[in-house]
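Trainee: The following block contains the structure, expressed as structure tokens.
The values are calculated or read from the model by the stated rules, or taken from the named source; none is laboratory data. Keep in mind the model is a prediction, meaning the values are calculated, not measured. So basically every Cβ, Gly included, is an ideal-geometry build from the backbone, and we count neighbours across all protein chains shown. Keep in mind that these areas ignore ligands, DNA and RNA; they rest on the heavy atoms of the full protein, side chains included. Shrake-Rupley method; radii C 1.70, N 1.55, O 1.52, S 1.80 Å.
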Amino acid sequence: MKTIWITSLAKNPARVQAFTAVLKRYGLEAKGHFWTDEPAKMAWRVALDSLVEAKADVWLVLADDEEMAKPGVRYGLSLLAASLREGSGHGFPIVVMWPGKAPAADALPPLLRDALHLEEANAAWPAKIVAKANMPGKAQAPEYRLNVAGDEKLGQWFEIGPRAGNWDGVMFGVAGEGAEIDFQAVGEAGGLPEKTVLEYAQQGMKLQLGETEYTAWAVRNQVGPGQSYYARVKGCPASVLFMPYAEGGDAEATVLRLS
């Protein structure tokens, strides 16, 4: 039996029970949770770990217009989506269910724009979820790897690196009120290193991109597919920027808006 992991943004048990009943009629098992808007405690990571442990086949977000407008909710959903795709495949099915009309793409968190957006009033939604559960989509992975790990005690760690080839160093920056980097490391991919040796480490660089100023740190360590750059970040950056280190500043930067 396929499993649907339900994330309800609003604490609305009746709505969850209604969806669970419909999914059950279509032969789908439903598990899930109510969203906790506590990004400082990395509550979204607890939800991700539970989703993975449940071996879910689809992540179904029961959207709520009021909750989706909150920066902390958008930030947590973005990090969960990015980390889920990195760990479970970029074609992992993500479905967002709206109580009314689905908003325009530019009103959504960027990392959720390519999810399947459905409206409750459309009677075809159960069949579409069944299809997603049985035929996951195929999506081309980006050239970079991005994961976010940690917990309330360890802090929030962004892990990045190339999917192929090598970077001769890494530059990583954050933008947004209260967001700052306070530690960086390089080590094996997939887990925080116990020890790290940094080459030509730099801190507190200012980068201007349009109207947005990023505070960036950098190292010159070579990072390949089996290694990662790690940055511990305080706060909830509105966006992050990263790229291979380049003396002449000609490297192409990746910019991700997270809320």
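Trainee: Here is a list: P109, P93. Which entry is within 16 Å of the chain's Cα centre (by Cα), open to solvent by less than 30 Å² (accessible area, probe 1.4 Å) and at pLDDT below 95?
Mentor: Details: P93 fails: at pLDDT below 95.
Just one listed residue meets the conditions, P109.
Trainee: Now, a different point. Yes or no: region 202-219 includes at least one residue that is free of Cβ contacts under 8 Å to residues at least 12 places away in the same chain and of a type in the set (S, T, N, Q). Full working, then the answer.
Mentor: Step one: of region 202-219, the residues free of Cβ contacts under 8 Å to residues at least 12 places away in the same chain are 206, 208, 210-211.
Filter again for of a type in the set (S, T, N, Q), leaving 208.
There is at least one residue in region 202-219 that is free of Cβ contacts under 8 Å to residues at least 12 places away in the same chain and of a type in the set (S, T, N, Q).
Trainee: Another one. Give me the pairs: first residue in region 234-256 and open to solvent by 70 Å² or more (accessible area, probe 1.4 Å), second residue modelled with pLDDT of 95 or more, beta-carbon distance under 6 Å, and six or more apart or on different chains, which are they?
Mentor: What qualifies is K234/E180; K234/D182.
Trainee: Kindly check whether there is at least one residue in region 67-90 that is in contact with a Phe, Trp or Tyr (Cβ under 8 Å, 6 or more places away or on another chain), more than 24 Å from R145 (Cβ to Cβ), without any contact (Cβ under 8 Å) to a residue 60 or more places away in the chain and not charged (D, E, K, R).
Mentor: No.
Trainee: Within region 132-141, track down each residue that is open to solvent by 60 Å² or more (accessible area, probe 1.4 Å) and either closer than 13 Å to A82 by Cα or free of Cβ contacts under 8 Å to residues at least 12 places away in the same chain (or both).
Mentor: So in region 132-141, the residues open to solvent by 60 Å² or more (accessible area, probe 1.4 Å) come out as 132, 134-136, 138, 140.
The answer is M135, and nothing else.
Trainee: When the residues of region 142-170 are narrowed to those that are loosely packed, with under 13 Cβ neighbours inside 10 Å and of a type in the set (G, A, S), which ends up nearest to A56 (Cα to Cα)?
Mentor: A164
Trainee: Something else now. If you take the residues of region 182-191 that are open to solvent by less than 70 Å² (accessible area, probe 1.4 Å) and under 18 Å from the mean Cα position of the chain (by Cα), which of them is farthest from Q227 (Cα to Cα)? Before the answer, list the steps.
Mentor: Within region 182-191, the subset open to solvent by less than 70 Å² (accessible area, probe 1.4 Å) is 182, 184-187, 189, 191.
Then keep just the ones that are under 18 Å from the mean Cα position of the chain (by Cα); that gives 189, 191.
Details: A189: 5, G191: 10 Å.
Top of the filtered list is G191.
Trainee: Got a sec? Which of A10, A43 is touching a residue at least 24 places away in the same chain (Cβ under 8 Å), under 20 Å from H117 (Cα atoms) and not acidic (D, E)? I'd like the intermediate steps shown before the answer.
Mentor: Values: A43 fails: under 20 Å from H117 (Cα atoms).
Result of the check over A10, A43: A10.
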